[in-house]
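Below is one structure, written out as structure tokens; comments come after it.
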Amino acid sequence: MSVTPGQAVPGQPLVPLHCLRFAEPGPPRQAALPNGTPVWLVSRHRDARQVLTDPAFGRALLYAPDAPPLTSTPNLLDDPDSLLNQDGPDHQRLRRTVQRAFTPRAVARWRPWVASVVEQLVDDLVKSGPPADVVAGFSTPLPVAVISRLMALDGLDQDRMRHWSNLALSDSSHTPEEVAAALREFGAFAAQLIAERRREPGEDLVSSLLAAAEAEGSIPERQLVSLVCGLVVGGHETTMTSLGNALVYLLSEAPESWVRLGTDEEAAGAAVEQLLRAIPLGEPKELPGTVRRASVEVEVGGVTIPAGAVVAVQSQIANRDPEVYAEGQFGDLFAPLAAPSLTFGAGPHHCLGAWLARMEMQLALHRLADRLPGLRLAEPVADIDWRLGSITRSPQRLTVVW
Amino acid sequence: MSGPAGPGAAGELVVRVDRARCVGTGLCAGAAPGDFQLDADGKSRPRRDTTVPSDGLSDAAEFCPVEAITVVDAATGRRVAPLD
Ligand code: HEM
Ligand code: HEM
Ligand code: SF4
């Protein structure tokens with residue numbers, strides 16, 4: 001029996017995300033999802049970019065009445081009302097309500113505040129150890145604090161947020177009923193938050209997106225509820241995951257790089273781009289990549305993709321495409337990228353929070369390494385307890401000493 | 001188009017797209033379809049040599065997620081969008 005690259009081997013400890021091996025990129029090829037639905041796999045950087053940017057490929061079509069089923073347990077990413085699942089003018093109308101808050105200039109205004117949160121967390125971590133758990137004390141609370149402050153989620157505690165997010169991004173390890181119940185609760189929370197901010201607007205992201213939606217006039221309420229949920233989850237889950245997995249790599253394999261991260265803030269910014277390119281957020285499970293559906297027949301990388309076909313973009317593979325990144329997975333961690341990686345996607349759905357995530361990771365790694373240049377893992381990598389059951393995977397706990 | 005023609009005429013603007021930065025979101029072409037188009041490689045380019053001010057154009061420059069767009073006054077070269 002052969003094991004698909006990038007998937008866990010039953011009975012063996014899970015390898016860290018930076019150790020996952022993937023197939024070489026190649027022309028688009030046909031495969032099948034676990035449920036039998038045919039899918040075209042797109043793995044070269046150039047082809048992946050084409051699929052993500054070409055309007056011939058859409059998200060909304062994935063949920064059309066004639067569309068084949070994708071997963072057994074639909075999660076938040078499958079919500080037809082979500083930002084991710086709008087195409088064309090509908091998508092732009094909704095995205096414009098939040099875009100202004102996430103431009104590089106808008107995000108830069110948050111920098112001093114994010115830096116102060118990082119400093120506070122580092123102070124607390126240093127006081128609490130060694131040893132200390134860098135996941136509970138650093139990589140989780142940072143993105144949670146940032147999105148809570150941006151959206152002014154005063155009444156929402158971290159545990160509830162994490163519970164909803166885990167189920168909202170659930171893989172097949174939760175029942176559809178469990179996921180649906182969590183999404184209902186999460187939706188009710190968002191609907192109530194929206195009602196409150198309509199009554200009493202503040203300086204937060206929810207108030208500003210409601211004002212923009214009001215000015216726009218025709219955005220369905222369901223889409224606003226879904227957007228608020230998406231911002232809560234998207235705003236912390238991916239950043240928490242990337243930061244946790246970057247720490248596993250840096251502390252287990254790159255102690256010299258760790259020291260340099262602490263001495264040079266600009267170099268830390270370049271390293272974040274490389275880390276985001278090289279370390280995936282999870283392993284392909286039910287879906288082999290980020291999916292689209294062709295509205296018409298399209299040629300991709302010399303292969304004809306028929307109208308109506310489901311296409312999966314394998315960003316993890318494209319992010320190592322030797323045609324673009326001659327060094328392969330890892331080269332000089334502090335070198336600028338030869339081309340933007342596909343970690344934040346491309347095209348109309350290019351990650352809204354990319355600049356926020358970059359800034360959080362840069363400040364986090366720089367300031368932690370500056371204060372604790374001798375930071376190291378207290379346990380072997382093989383003993384790491386992984387957070388499972390979601391499409392992302394990161395350490396549940398990571399005990400460190402210094 | 002309104003206003004006097006010719007480069008440098010009062011109120012005329014020049015749109016620039018840094019194609020090395022562009023990630024092809026198409027947000028600019030959506031906000032100002034007269035000023036931007038996406039090429040076959042998925043990257044944006046200005047549709048015309050000079051243009052005139054509009055809300056759509058300011059929005060496009062303001063919204064671009066990678067700050068690939070600058071709009072300058074054709075006569076003075078001064079940046080008019082995005083503003084800090
Ligand atoms: C390291 C952290 C992050 C990674 C790797 C990441 C990755 C991505 C990717 C790959 C997409 C595109 C999905 C597709 O094309 O199918 C995306 C979209 C999105 N991301 Fe992120 N993201 C991160 C952080 C954030 C943050 C901090 C926020 C919010 C504050 C956020 C909000 C969003 C939203 C709202 C979308 C949907 C955009 C749209 O459909 O127009 N993300 N993200
Ligand atoms: C509207 C909001 C969101 C957008 C736009 C978005 C976008 C994306 C994109 C683009 C990817 C990359 C897909 C891939 O490479 O396979 C992605 C991956 C992922 N997203 Fe999101 N996301 C959103 C919300 C969330 C939320 C709320 C979660 C979860 C909590 C989440 C979790 C993940 C995970 C776990 C991956 C994993 C990817 C991998 O296999 O590399 N996303 N998301
Ligand atoms: S908004 Fe910016 S990134 Fe998007 S297509 Fe236009 S220039 Fe490119």
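Quick notes on this structure:
- Hits in the stretch B:34-48 (condition: surrounded by fewer than 21 Cβ atoms within 10 Å (Cβ to Cβ), assigned to a loop (DSSP other than H, G, I, E, B) and within 10 Å of the chain's Cα centre (by Cα)): B:34, B:47, B:48
Let's see how each residue does on (1) closer than 30 Å to residue A:50 by Cα; (2) out of contact with any Asp or Glu (no Cβ under 9 Å at 6 or more places or on another chain):
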{"site": "A:346", "(1), (2)": "yes, yes"}
{"site": "A:350", "(1), (2)": "yes, yes"}
{"site": "A:364", "(1), (2)": "no, yes"}
{"site": "A:367", "(1), (2)": "no, no"}
{"site": "A:373", "(1), (2)": "no, yes"}
{"site": "A:387", "(1), (2)": "no, yes"}
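- Residues of the stretch A:170-217 that turn out to be of a type in the set (Val, Ile, Thr), in contact (Cβ under 8 Å) with a residue 40 or more places away in the chain and assigned to a helix (DSSP H, G or I), as a count: 2
- From the options A:3, A:15, residue that is open to solvent by 30 Å² or more (accessible area, probe 1.4 Å), at pLDDT 90 or above and in a loop (DSSP other than H, G, I, E, B): A:15
- Note on the stretch B:34-44: residues that are at pLDDT below 90 and either closer than 16 Å to residue A:91 by Cβ or not small (Gly, Ala, Ser) (or both) total 5.
- Those strands (runs of 3 or more DSSP E) of the stretch A:246-355 in which at least 1 residues are among the hydrophobic types (A, V, I, L, M, F, W, C) and more than 14 Å from chain B (Cβ to nearest Cβ), considering only elements entirely within it, cover A:290-294, A:303-305, A:310-313.
- Every test in (1) in a strand (DSSP E or B); (2) open to solvent by less than 10 Å² (accessible area, probe 1.4 Å) is passed by residue A:48 save one, and that test is (1).
- Here is the figure for the stretch B:11-33: residues that are part of a loop (DSSP other than H, G, I, E, B), buried (at least 19 other Cβ atoms within 10 Å of the Cβ) and within 9 Å of ligand 3 (Cβ to nearest atom) total 5.
The values are calculated or read from the model by the stated rules, or taken from the named source; none is laboratory data. Computed from a predicted model, the values in this text were never measured in an experiment. Cβ: placed from backbone, ideal geometry, glycine included. Neighbour counts: every protein chain shown. Side chains included, ligands, DNA and RNA excluded: accessible areas come from the protein's heavy atoms. Shrake-Rupley method; radii C 1.70, N 1.55, O 1.52, S 1.80 Å.
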